[in-house]
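Student: Got a structure for you, questions after.
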Amino acid sequence: MSVIPDMRLNGRAALITGGSKGLGLAMAKAFAQAGGNVALVARGAEALGRAEAEVREAAPTARVAAIACDIRTPEGCAQAYTGTVRALGRVDILVNNAGTSQRGPFLEVSDELWQDDLDLKLFAAIRLARLALPGMRDRRWGRIINVLNIGAKAPKATSTPTSVSRAAGMALTKALANEFAPHNVLVNAMLVGIIESDQWVRRHAADQRNISWEEWKAEQGKAVPLGRIGKAEEFAAMALLLASDAGGYVTGTAINVDGGASPVV
């Protein structure tokens, strides 16, 4: 009788960028509670300290590292990778989650803003994958999860530069998946819709109408077929599936985690 693999990580080591808040923190907690060890990577040391404490509280037996660096630079990516290996021994799972939603009218987006967006969302993923893949290939087990946005498939007006960098991330996902599948290294993308995260908390704070967080969430959810915005924990559950042996036959995909909001499957 066949047995369905469970969603345990059993000591696997995960490097998660943008790991101090929102989706990154939710994924770190889920991975740690599933028996994984996690390295949280972000720029802010103070926020990282709080996140590390939260993960340790959620999963007391997990090994947790907090690495403050700027992955927009090659040096920052090297620091993230070597810090993870030093703390956890290796990188089995790489989650490229760091990002912002830089967007505006195309004619107003400067070269500097384009470059900053590409450095954070595309080149950081390229550089970290280049560092992590040799070990994954040699051990014949690895997972890379690129966190993108549904705009990668269906970009809207005034969505540059973020939709372009996200679309490039989707192409990178497919190319790496095809190249490293023979080595049992699986590469997938998760495309975010409207999900509770630090970004949406900031948008609520910037709203001048003085409505509560719950009212604001309910209002935003009206645009989603499921009628609500998503929870970070729901996103983390999908990431855990892809990171575990339960997702062992899934690679090269770009999965919408959006409550049905994307017009493109």
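Student: ILE195's amide H: which non-local residues (gap 5+, or another chain) put their own amide H closer than 5 Å, with H modeled 1.01 Å from N in plane and none for Pro or chain starts?
Tutor: Close amide H contacts, sequence-distant or interchain: GLY230.
Student: For labels at ALA53 and ILE126 in the simple 7 Å Cα→Cβ model, what's the distance in nm?
Tutor: Spacing of the two 7 Å Cα→Cβ label points: 3.9 nm.
Student: Further question on the same structure: Taking only the C-alpha atoms, wrap a convex hull around the range 160-220 and report its volume per residue in Å³ as a whole number.
Tutor: Numbers: hull volume 6.3 nm³, N = 61.
So the per-residue hull volume is 103 Å³.
Student: If you don't mind, another one. To the nearest 0.05, how large is the calculated FRET efficiency for ASP198 and VAL3 if R₀ is 51 Å and r is the Cβ-Cβ distance? Intermediate results must be reported in sequence, preceding the final value.
Tutor: Details: r = 39 Å, r/R0 = 0.76.
About 0.85, to the nearest 0.05.
Student: Okay, moving on. Would you mind counting up the charge near LYS156? Only other residues with Cβ under 13 Å from its Cβ, with Lys and Arg at +1 and Asp and Glu at -1.
Tutor: Values: positive: ARG103, LYS153, ARG166; negative: none.
Net charge in that neighbourhood comes out at +3.
Student: Rounded to the nearest 5, what % of DSSP beta bridges with both residues in the chain are antiparallel?
Tutor: Working: 2 of 32 bridges.
Percent antiparallel among DSSP bridges in the chain is about 5.
Student: What does the net charge come to around ALA51 if you take all other residues with beta carbon closer than 13 Å to its beta carbon, with K and R at +1 and D and E at -1? Present the calculation step by step, with values, prior to reporting the outcome.
Tutor: Working: positive: LYS21, LYS29, ARG43, ARG50, ARG56; negative: GLU46, GLU52, GLU54, GLU57, ASP198.
Neighbourhood net charge equals 0.
Student: On a 26 Å Cα-Cα criterion, which of the cross-link pairs LYS156/LYS231; LYS21/LYS121; LYS174/LYS222; LYS121/LYS174 come out too long? Provide the component values of the computation, followed by the final result.
Tutor: Details: LYS156/LYS231 24 Å; LYS21/LYS121 17 Å; LYS174/LYS222 32 Å; LYS121/LYS174 16 Å.
Those over the limit are LYS174/LYS222.
Student: Report the extension gain between GLU46 and LEU226 in nm, rounded to one decimal, defined as 0.36 nm multiplied by the number of residues separating them, less their alpha carbon distance. Intermediate results must be reported in sequence, preceding the final value.
Tutor: Details: separation 180, 0.36 × 180 = 64.80 nm, distance 3.59 nm.
So the extension gain works out to 61.2 nm.
Student: Quick one: in the chain, what % of C-alpha pairs are over 24 Å apart? Don't skip to the answer; put the middle values down first.
Tutor: Details: 16178 of 34980 pairs.
For the chain, the share of Cα pairs beyond 24 Å comes to 46 percent.
Student: May I pose another question? Rounded to whole Å, give me the distance from the Cα center of the range 193-217 to that of the range 114-172.
Tutor: 26
Student: Sorted by mean Cβ packing within 10 Å, highest first, what order do the peptides 252-258, 93-99, 180-186 take? If you can, show how the numbers build up before the last one.
Tutor: Values: 252-258: 19.1, 93-99: 27.1, 180-186: 17.3.
Descending mean neighbour count gives 93-99, 252-258, 180-186.
Student: Take every Cα pair under 8 Å in the chain that's 6+ residues apart, average their separations, divide by the length, and report that relative contact order as a whole percent. Before the final figure, lay out each step's value.
Tutor: Numbers: 528 pairs, mean separation 54.0, N = 265.
Once divided by the residue count of the chain, the mean separation gives 20 percent.
Student: Another question, if that's okay. Count the net charge of all other residues whose Cβ sits under 15 Å from the Cβ of GLY89, scoring Lys and Arg as +1 and Asp and Glu as -1. Before the final figure, lay out each step's value.
Tutor: Values: positive: ARG12, ARG63, ARG86, ARG90, ARG139; negative: ASP92, ASP138.
After counting each charged neighbour, the total is +3.
Student: Aspartates and glutamates near LYS29 by alpha-carbon distance under 20 Å, same-chain residues fewer than 8 away left out - which ones?
Tutor: ASP6, GLU46, GLU52, GLU54, GLU57, ASP92, GLU196, ASP198, GLU233, GLU234, ASP245
Student: Separate question: Evaluate the distance, in nm, between pseudo-label points positioned 7 Å from the Cα of ARG63 and of ARG140 along their respective Cα→Cβ axes.
Tutor: Placing both labels 7 Å beyond Cα along the Cβ direction yields 2.4 nm.
Any read-out appearing in this document is the output of simple, stated calculations on the displayed coordinates, not a laboratory observation. Not measured: the values here are computed from a predicted model. Glycine also receives a Cβ, built like all others from the backbone with ideal geometry; neighbour counts cover every protein chain displayed.
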